[in-house]
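Worksheet: the structure to be examined is printed underneath.
The values are calculated or read from the model by the stated rules, or taken from the named source; none is laboratory data. All of these numbers come straight from a predicted model, not from anything done at the bench. Methodologically, a virtual Cβ is constructed for each residue, glycine included, from the backbone with ideal geometry; neighbour enumeration extends over all protein chains shown.
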Amino acid sequence: MDVTARPGAKTDERPSRPLPRVTTGGSARTVAAAREVLSSGHGFSLRRALPFMGPAFIAAVAYIDPGNFATNISAGSRYGYLLLWVILASNLMAVLLQTLSAKLGIATGRNLPQICRERLPRPASVGLWVVAEVGAMATDLAEFLGAAVGFNLLFHIPLFVAGLLTGVTTFAILALQRHGFRPLEAVIASLVGVIALSYLAEIVLARPHAGAIAAHTFVPQLDGRGSVLLAVGILGATVMPHVVYLHSALTQNRVRPRSRAEARAIYRFERLDIWIAMGLAGLVNGAMMIMAAAVFFSSGHTGVASLENAFETLTPLLGGASSTIFAIALLASGLSSSAVGTLAGQVIMDGFLGWRIPAWLRRLITMIPALVVIAIGLDPTSTLVLSQVVLSLVLPFAVVPLLYFTGRRDIMRDLVNRRATRVLGWAVAAAIITLNLVLLMQTFQGTPPTR
């Protein structure tokens, strides 16, 4: 099967425009290695999967962004280890949805916004674009603020200057696109590694209770209305809509399948990439809550909810090294997720409308709201709360089209969702919509559960 006749493509459609460079710019050595693996056909192994690894690590950044820091720390400080099972459940949801997004790109050679533009009525496609842009702006705001707070805590520089420094650093990361996908993936993966190692160090310093961790990870429990609200917040705001769009773009042209057999092989390798990357993100989220439970909850500091408060409280309880490690992890999270958010914004605009603006211009535009928030003195953590409410509203508008299109055989061919996957996927969508509605109702009633 020639790549110009990818499964699901309409014969009367004009060829798809090239995507933002990160999705098409090839690292020639990696692509060549992937081609060799596909042509050899000698089974499945981790070594053979290496050329296909990377897209899921970029997507995984959204699951350990600055908003997750505040949510998990708040839950751990108030309820100890009680809500660890919520992190496990939300991470399994993330694995499913990111797998479907990656599969869509592999099977069709299109990303989710492009499929929406090609397959849906124009008003519906434009409406989805508007909603997606609102979510992208809310995401950028939260991630930019998180990085700025990280700079502020780590180097004690004014928050506004920290915001400008965040912008400059993000521009530098995005400039790696001109060299292909591998350098960008390497930097993002390195920042994820910094976050993971930082929390490994925090866990060593905190000395948590292993038995309590095991019990609360696998046994669902709640303790009153407050814990219900926090559980809703963790589940409802973990899966980020912008990476549901982005993951399909990261896989659509990275290694183009030349046959259905190659498409199936690439999909198998990408599933391994997703399980490793999302598993790491889940462990980091769990470590955030475990640290808060072992340090704050066990010492009676149950009111720790903001990033700044967590930083200040760690020093007297665990020493200055722990607060420094916390700030380093927060900074790495903010910078990596800010870059990924800009990439997602490019994919959203280009896919839904066919419009493209340079990454630096989009980053410049999305910096403005965050700098305004800092300049007028709004509390960064409170702003994070509001951004997550917006994301809760936006998420179903990404998940429902994803499930609809990946369930259509005329689009997906051999990679169409199986019956069990369809049932599970729609159940997850229903759970997300229900939980987000609860989150919104509680927020507008003045009792926001998260961040």
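Structure summary
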item: Candidates Ile266, Ile290, Ile203 - the one that is of a type in the set (Val, Ile, Thr) and surrounded by fewer than 22 Cβ atoms within 10 Å (Cβ to Cβ); result: Ile203
item: The range 271-287 residues that are farther than 10 Å from Tyr63 by Cα, paired with ones that are crowded, with 18+ Cβ neighbours inside 10 Å and of a type in the set (Asp, Glu) (beta carbon under 8 Å, 6 or more apart); result: Ala287/Glu202
item: Enumeration of residues in the range 401-446 that are closer than 19 Å to Ala132 by Cα, of a type outside the set (Gly, Ala, Ser) and at pLDDT below 95; result: Ile432, Ile433, Asn436, Leu437, Leu440
item: Residue within the range 178-191 that is more than 24 Å from Leu50 (Cα to Cα), of a type in the set (Lys, Arg) and surrounded by fewer than 16 Cβ atoms within 10 Å (Cβ to Cβ) present; result: no
item: Restricting the range 175-196 to residues that are among the hydrophobic types (A, V, I, L, M, F, W, C) and over 19 Å from the mean Cα position of the chain (by Cα), the residue that is farthest from Val284 (Cα to Cα); result: Ala175
item: Candidates Thr170, Thr108, filtered to the one that is of a type in the set (S, T, N, Q) and in contact with a Pro (Cβ under 7 Å, 6 or more places away or on another chain); result: Thr108
item: Near pairs, Cβ below 7 angstrom, 6+ apart or cross-chain, from the range 76-92 (over 15 Å from Phe296 (Cβ atoms) and in contact (Cβ under 8 Å) with a residue 60 or more places away in the chain) to any residue that is of a type outside the set (A, V, I, L, M, F, W, C) and not in a helix (DSSP H, G or I); result: Trp85/Pro220
item: One residue from Ala162, Ala231, Ala215 being surrounded by fewer than 18 Cβ atoms within 10 Å (Cβ to Cβ) and over 16 Å from the mean Cα position of the chain (by Cα); result: Ala215
item: Members of the range 328-358 found to be of a type in the set (A, V, I, L, M) and surrounded by fewer than 22 Cβ atoms within 10 Å (Cβ to Cβ), listed by number; result: Ile328, Met349, Leu353, Ile357
item: Residue tally, condition farther than 18 Å from Ile115 by Cβ and free of Cβ contacts under 8 Å to residues at least 12 places away in the same chain, over the range 341-377; result: 8
item: Enumeration of residues in the range 334-349 that are in contact with a Pro (Cβ under 6 Å, 6 or more places away or on another chain) and modelled with pLDDT of 90 or more; result: Ile348
item: Any chance Ala172 is loosely packed, with under 15 Cβ neighbours inside 10 Å and more than 23 Å from the chain's Cα centre (by Cα); result: no
item: Segments classed as helices (runs of 4 or more DSSP H), wholly inside the range 23-115, with at least 2 members that are modelled with pLDDT of 85 or more, β-branched (Val, Ile, Thr) and at negative phi; result: 84-108
item: Qualifying residues in the range 397-439 (those that are more than 19 Å from Cys116 (Cβ to Cβ) and small (Gly, Ala, Ser)) - the one surrounded by the fewest Cβ atoms within 10 Å (Cβ to Cβ); result: Ala420
item: Residue count, the range 234-263 (criterion: assigned to a helix (DSSP H, G or I) and in contact with a helix residue (DSSP H, G or I) (Cβ under 6 Å, 6 or more places away or on another chain)); result: 20
item: Entirely in the range 350-431, the helices (runs of 4 or more DSSP H) that have 1 or more residues that are within 19 Å of the chain's Cα centre (by Cα); result: 359-375, 380-394, 396-406
item: Lone qualifier among Ile213, Ile157, Ile188 - being in contact with a Phe, Trp or Tyr (Cβ under 8 Å, 6 or more places away or on another chain) and either without any contact (Cβ under 8 Å) to a residue 24 or more places away in the chain or charged (D, E, K, R) (or both); result: Ile157
item: Selection from the range 306-321 of residues that are surrounded by fewer than 19 Cβ atoms within 10 Å (Cβ to Cβ) and not acidic (Asp, Glu); result: Asn309, Thr315, Pro316, Leu317, Gly319, Gly320, Ala321
item: Lone qualifier among Phe311, Phe296 - being within 23 Å of Phe144 (Cα to Cα) and part of a helix (DSSP H, G or I); result: Phe311
